[in-house]
Structure formats: structure tokens, C-alpha cells
Amino acid sequence: MSRIGNKEITFTEDIKVTFNNNLVKVSGPKGELERIIPEGIKVDIGSGVINIKRNNDEKKIKAFHGLVRSLINNMVVGVKDGFQKSLDIRGTGYKCDIKSKTELVLNLGYSNPVNFTLPESIQAEVENKGTILKISGIDKELVGETSAKIRKLRKPERYKGKGIRYVDEVVKLKAGKSAGAKGAA
């Protein structure tokens, strides 16, 4: 029995949800999203409520039950409120500039700046003199994936903490060589 899969998804009247031929479409004030639902999962849409049901108790279908509910809930939240991830760029001379609506220029300590092209439905905003980068959009999966790709360009290093990290991420710094050599000599 899936606890998550059995929960109802509630939505307001400004959001429209349709389900035809294993395709769920959710449209709202911020945009429209669609996703293909696996065979064996049924989506019941009522007035302001969505219920996810499964056709049988096969192991594969049971595994998809809670997943599909979470994906549809993220779609409903995305078209209503949207999602956002914030990245913190730390290091001397490290910063981010927005070149165009779909392209970022990141100075990350390499010999040349790094150009990063954003996906279509993703917006970027730079704050605090180019050291805070906010990635936002209606698709939670795409926002997280884009943020992870940008972070991967220069992960935070362990000795000085330079690099790109999430705003709420904690990076434990290691002690350098000189910390262990004080007692020896």
C-alpha cells in the first residue's frame, strides 16, 4: 500500500488538469506542463481533487504509484507557484553575468570565462554583485538539473571553500598540511 500514492492532490480553479491516453496536462497561471504516465496507473480528476489509482498489484505498477502522484503534484505546484534554486559563487574574482536571456557567463578561475546556455523554460537572476545566482522555472526536475549542471562547472573545494554551492549547502573545510606539522620539527 502506497501512503504517498493514496494521498489526494488538491488544486484551485485557476489550474486546469486533463488526462487522455496516458498523457497528463496541467496548465495554470505560470505555464503548461505535460507528462506521460506509465501503463497500469489511472488518474481520476474531480472538482479540485486528483486521485491516483493503480489497475493491479504488480510490483512494477506498485513502484510507480507514489512516483506518479509526486510528479503530478510537482506539476500542479509548478504551474501555480514555480520552483527556485539559489547558488552561491565563492572565490576571488568568481562571479556570474547574464549575457542574454538564455546565456550565462561565469568567471570561475579558469583562463577563459565559461558560457552556459539555459534551457528554454528556465530563468536566471543574478544578485549581490554576481555572487548569488537564482535559477527558477515551472518544472522542478529541470530547475534541479540545471542547477546541478551549473554547480558541476566548479564544485566547492575542501580547503578554501572556493566554487559554486547551493545557498543552504554546508561545506566542511579540511585543515591544510600546515595544521598537522605544528607539533613536529
Original post:
Which cross-chain or sequence-distant (5 or more) residues have an amide H under 5 Å from the amide H of LYS162, H modelled 1.01 Å from N in plane?
Top reply: GLU157
Original post:
Counting only the heavy atoms of the protein chains, how much of TYR159 is accessible to a 1.4 Å probe, in Å² to the nearest 10?
Top reply: 130
**OP:** For every helix of n ≥ 4 consecutive DSSP H residues, a contribution of -39,500 (n - 2.57) applies; sum these over the chain, divide by its total residues, and give [θ] at 222 nm rounded to the nearest 500 deg cm²/dmol.
**Re:** -6500 deg cm²/dmol
Original post:
With a sphere of radius 9 Å drawn around the Cβ of THR131, what net charge do the other residues whose Cβ falls strictly inside it have (Lys, Arg +1; Asp, Glu -1)?
Top reply: +1
**OP:** Enter the angle in degrees (range 0 to 90, nearest 10) between the Cα long axis of helix 59-80 and the first principal axis of the Cα atoms of the chain, meaning the one along which they spread out most.
**Re:** 70
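Relative contact order for segment 7-94 using alpha-carbon pairs under 8 Å, separation at least 6, rounded to a whole percent? List each step's numbers first, then the result.
On the way: 115 pairs, mean separation 25.0, N = 88.
Worked out over segment 7-94, it gives 28 percent.
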**OP:** List, in order, the whole-Hz ³J(HN,Hα) value for each residue of segment 19-28 obtained from phi through the Karplus relation with A = 6.51, B = -1.76, C = 1.60 and θ = phi - 60°; use x for Gly and Pro.
**Re:** 9, 9, 6, 6, 10, 9, 10, 10, 10, x
Subject >> Largest-first principal axis extents, alpha carbons of the chain, Å >> reply: 72, 44, 24
Original post:
Expressed as a fraction of 2.2 N^0.38 Å, the rule-of-thumb size for a compact globular protein of N residues, what is the C-alpha radius of gyration of segment 67-127?
Top reply: 1.47
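Heavy-atom accessible area per residue, the chain, 1.4 Å probe: how many Å²? Intermediate values should be presented prior to the final figure.
Numbers: 11740 Å² over 185 residues.
Solvent-accessible surface per residue comes out at 63 Å².
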**OP:** In whole Hz, with x marking every Gly and Pro, tabulate ³J(HN,Hα) for segment 7-16 from phi via Karplus 6.51 cos²θ - 1.76 cosθ + 1.60, θ = phi - 60°.
**Re:** 6, 7, 10, 9, 9, 8, 6, 7, 10, 10
Subject >> On Cα atoms only, tilt of 140-152 relative to the major axis of the chain in degrees >> reply: 20
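The values are calculated or read from the model by the stated rules, or taken from the named source; none is laboratory data. Keep in mind it's a predicted model, so treat the numbers as computed, not measured. Here the Cβ is made from the backbone with ideal geometry for all residues, glycine too, and neighbour counts use every protein chain on show. Just so you know, the surface numbers come from the protein's heavy atoms only, side chains and all, with ligands and any DNA or RNA stripped out. Shrake-Rupley method; radii C 1.70, N 1.55, O 1.52, S 1.80 Å.
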